[in-house]
Amino acid sequence: MFTKLDEAKKFIADNGIKMVDFMMIDLNGRWRHLTIPAGRLTEHTLKHGIGFDGSNYGFAPVEKSDMVFVPDLGSAYVDEFAEVPTLAMIGEVFVIDLPENRRFDQDPRNVAYHAQEFMRKTGLADEMRIGPEFEFHVFDHVSYAVQPNGSKYRVDTSQAEWNTGDEGRNLGYKMARKSGYHMAPPLDILSGFRSRVTMLMEKQGIAVKYHHHEVGGPGQLEIEVEFGGLLEMADKTMMTKYLIKNTAVAENKTATFMPKPIFAEAGNGLHVHMHLFKDGQPLFYDADGYSQLSETALHFIGGLLTHARALCAFTNPSTNSYKRLVPGYEAPVTIGYATSNRSSVIRIPAYAKAPQDKRFELRSPDGTCNPYYAYAAILMAGLDGVQKKIDPHKEGFGPYDFNLYNLTPEEQKKIRQLPRSLDEALDALIADHGFLTAGNVFPQRLIDLWIANKRAEAARYNQLPQPVEFEMYYDL
């Protein structure tokens with residue numbers, strides 16, 4: 001939004017801004033914030049930053065936790081949800097050092113930036129454009145409890161089919177299970193919500209392609225956006241989630257990007273469409289290639305598929321992620337590529353025919369990822385494939401132009417599988433992460449810290465008795 005402090009100060013004065021908010025991304029991909037009176041935004045702030053405790057962000061041990069964040073004026077925006085007129089901007093994390101502070105190599109924005117720079121230094125491409133699809137649920141109610149003597153959760157929305165028998169005031173228009181795709185009002189009671197979010201997104205510079213109700217009957221929605229650069233889209237992913245969640249709360253609802261909040265229903269993915277450009281020219285198009293894809297595109301696919309299991313540690317970093325990656329819900333379970341095949345982890349859209357549009361999507365990621373790490377990891381895996389000229393067909397990854405959910409057990413054994421749990425994904429990352437540390441884009445310390453933190457999450461989940469276990473085993 002701004003390149004100089006004077007521009008920001010003028011905007012603050014002209015628009016009655018009273019507060020300046022700084023948004024920082026923690027290790028897991030949550031925004032945290034700190035607020036100062038607008039008059040305290042000075043050149044000193046931009047040069048020396050503001051101190052904070054890095055250990056609470058998951059970045060640093062307690063004994064070395066002093067860090068600073070420096071505001072990025074270019075990321076500034078007006079916070080539509082602030083009670084007091086507020087200008088917000090993202091803070092970049094620095095390590096305190098002499099004679100000058102230095103960028104923290106594990107800072108999510110820094111990792112995404114260096115992934116882009118690594119791509120440019122290879123000479124293979126100078127731009128990666130990505131377009132995520134945001135899938136999420138909007139509920140009227142959510143409650144949960146985790147105690148030593150019991151665990152429970154409950155979600156509800158008035159449009160769900162389980163409310164057909166509600167004997168209170170009931171108008172009868174309920175969305176059947178797994179039948180919500182593109183349904184119109186009055187079944188789609190959230191069309192206005194999506195339009196209001198879209199208007200806020202457009203106001204913040206996030207161009208929306210379209211929005212619609214998704215497959216999941218109980219309030220599953222999708223908003224798809226136009227393409228942008230890797231770092232740009234990581235910022236816009238954070239903004240999109242912020243706008244969706246806060247709009248929901250403002251309307252007395254609640255939104256979640258959990259991959260699988262409801263059993264036996266469609267889950268929420270974060271499908272990532274992608275293509276590469278050099279000097280403004282597309283690199284993924286070849287009229288004579290498979291599905292009109294160039295060798296560069298196929299090698300990029302080869303890298304993604306070769307590293308698919310390890311990628312999941314960053315693109316699907318929650319225990320809940322692997323409740324979505326199961327057969328029968330349009331989420332991938334096998335490692336392969338194909339055209340127009342939504343059961344494949346890499347789908348090549350048949351409708352994207354023009355050279356500038358030629359692309360493919362990775363369908364495994366979900367919204368629990370830290371978008372900076374996830375998008376950077378995707379780029380690094382693809383570049384590894386291009387550099388090593390990994391042919392996905394010769395490596396046995398397809399193309400699988402048939403329904404991968406209908407395979408016999410014998411056929412399934414012949415096709416490599418995505419991880420079935422977070423622990424499996426972490427094991428894969430331990431065995432295969434050289435493509436991430438190339439050029440020191442992902443510092444080894446970050447990978448080690450990520451694995452340790454996610455192991456702790458998986459251990460907590462694995463050790464916790466589940467209600468379904470009482471149903472299955474209590475009487476034995």
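Explain nothing, just the number: dipole magnitude of the chain about its Cα centre with +1 on each Lys and Arg Cβ and -1 on each Asp and Glu Cβ, in debye rounded to the nearest 20. Walk me through the numbers on the way to the answer.
Working: 51 positive and 61 negative charges, 29 e Å.
Dipole about the Cα centre, nearest 20: 140 debye.
What are the trypsin sites (Lys or Arg not before Pro) within the range 120-198 that DSSP puts in a loop, where the Cβ has at most 12 other Cβ atoms within 10 Å?
Details: sites: Arg120, Lys121, Arg129, Lys152, Arg154, Arg169, Lys174, Arg177, Lys178, Arg194, Arg196; in loops: Arg169, Lys174, Arg177, Lys178.
Within the range 120-198, the qualifying trypsin sites (Lys or Arg not before Pro) (loop, at most 12 other Cβ atoms within 10 Å) are Arg169.
Where does the charge balance sit around Phe277 when Lys and Arg score +1, Asp and Glu -1, over other residues with C-beta under 10 Å from its C-beta?
Values: positive: Arg129, Lys278; negative: Asp126, Glu127, Asp279.
Net charge in that neighbourhood comes out at -1.
Using r as the Cβ-Cβ distance of Glu226 and Thr3, and R0 as 30 Å, what FRET efficiency do you calculate, to the nearest 0.05? Before the final figure, lay out each step's value.
On the way: r = 24 Å, r/R0 = 0.79.
Step by step, r from the Cβ atoms, then E = 0.80.
When the dipole is taken about the Cα centre of the range 310-419, and only Lys, Arg (+1) and Asp, Glu (-1) are charged at their Cβ, what size is it in debye, to the nearest 20? Working shown, then result.
Numbers: 14 positive and 10 negative charges, 17 e Å.
With Lys and Arg at +1 and Asp and Glu at -1, about 80 debye.
With +1 assigned to the C-beta of every Lys and Arg and -1 to the C-beta of every Asp and Glu, and no other charges, what is the dipole magnitude of the range 5-104 about the Cα centre in debye, to the nearest 20? It would help to have the intermediate numbers written out before the result.
Working: 10 positive and 16 negative charges, 17 e Å.
About 80 debye.
Please give the calculated 222 nm ellipticity per residue for the chain, where each DSSP H segment of at least 4 residues contributes -39500 (n - 2.57) and the sum is spread over every residue; nearest 500 deg cm²/dmol? Before the final figure, lay out the partial values.
On the way: 14 runs with 153 residues, N = 476.
Result for the chain: -9500 deg cm²/dmol, rounded to the nearest 500.
By its C-alpha gyration tensor, with a ≥ b ≥ c as the square roots of the eigenvalues, how is the range 259-380 shaped: rounded for a/c under 1.5, else prolate for a/b larger than b/c, else oblate? Before the final figure, lay out each step's value.
Details: a/c = 2.26, a/b = 1.67, b/c = 1.35.
Prolate, because a/c is 1.5 or more and a/b exceeds b/c.
Take every DSSP beta bridge whose two residues both sit in the range 115-473, then give the antiparallel share in percent to the nearest 5. Walk me through the intermediate numbers first.
Values: 37 of 41 bridges.
Just about 90 percent of them are antiparallel.
Let me have the relative contact order for the chain, percent, based on Cα pairs under 8 Å that are six or more residues apart. Before the final figure, lay out the partial values.
On the way: 902 pairs, mean separation 65.9, N = 476.
So the answer I get is 14 percent.
Would you work out which of Gly434, Met274, Pro392 lies farthest towards the positive end of the dipole of the range 115-473? Charges go on Cβ: Lys and Arg +1, Asp and Glu -1.
Gly434
Tell me the label-point distance for the pair Leu46, Phe81, using the 7 Å Cα-to-Cβ offset, in nm and rounded to one decimal.
With each label placed 7 Å out from Cα toward Cβ, I get 2.9 nm.
From the Cα gyration tensor of the range 27-101, with a ≥ b ≥ c the square roots of its eigenvalues, which class applies: rounded if a/c is under 1.5, or else prolate if a/b is larger than b/c, or else oblate? List each step's numbers first, then the result.
Values: a/c = 2.30, a/b = 1.42, b/c = 1.62.
Oblate, because a/c is 1.5 or more while a/b does not exceed b/c.
Can you compute 3J(HN,Hα) from phi for each residue in the range 334-347, using the Karplus curve 6.51 cos²θ - 1.76 cosθ + 1.60 with θ = phi - 60°, rounded to whole Hz and x for Gly and Pro?
Once θ is set to phi - 60°, the couplings for the range 334-347 become 10, 9, x, 10, 5, 9, 6, 10, 7, 8, 9, 5, 10, 10 Hz.
By the gyration tensor of its Cα atoms, with a ≥ b ≥ c the square roots of the eigenvalues, what is the shape of the chain: rounded for a/c under 1.5, prolate for a/b over b/c, or oblate?
Numbers: a/c = 1.39, a/b = 1.11, b/c = 1.25.
Verdict is rounded for the chain.
Residue separation times 0.36 nm, minus the C-alpha to C-alpha distance between Asp475 and Glu410: what's the value? All intermediate terms of the calculation are to be shown ahead of the outcome.
Details: separation 65, 0.36 × 65 = 23.40 nm, distance 3.50 nm.
Separation in residues times 0.36 nm, less the Cα-Cα distance, equals 19.9 nm.
What ³J(HN,Hα) values, in whole Hz, does the Karplus curve 6.51 cos²θ - 1.76 cosθ + 1.60 give for the range 190-205 when θ = phi - 60°, with x put for Gly and Pro?
The phi angles translate into 10, 4, x, 4, 4, 5, 5, 5, 4, 4, 5, 5, 4, 5, 8, x Hz.
In the range 115-473, if the dipole is taken from +1 on Lys/Arg beta carbons and -1 on Asp/Glu beta carbons about the Cα centre, which of Gln159, Thr240, Pro465 is farthest to the positive end?
Pro465
Can you tell me the length gained on complete extension of the stretch Leu98 to Thr164, counting 0.36 nm per residue apart and subtracting the Cα distance? Write out the running numbers ahead of the final one.
Working: separation 66, 0.36 × 66 = 23.76 nm, distance 6.60 nm.
Gain on stretching Leu98 to Thr164: 17.2 nm.
No lab work stands behind these numbers, since they all come straight from the coordinates. Computed from a predicted structure; not experimentally measured. Note: ideal-geometry Cβ built from the backbone for every residue, glycine included; neighbour counts use all protein chains shown.
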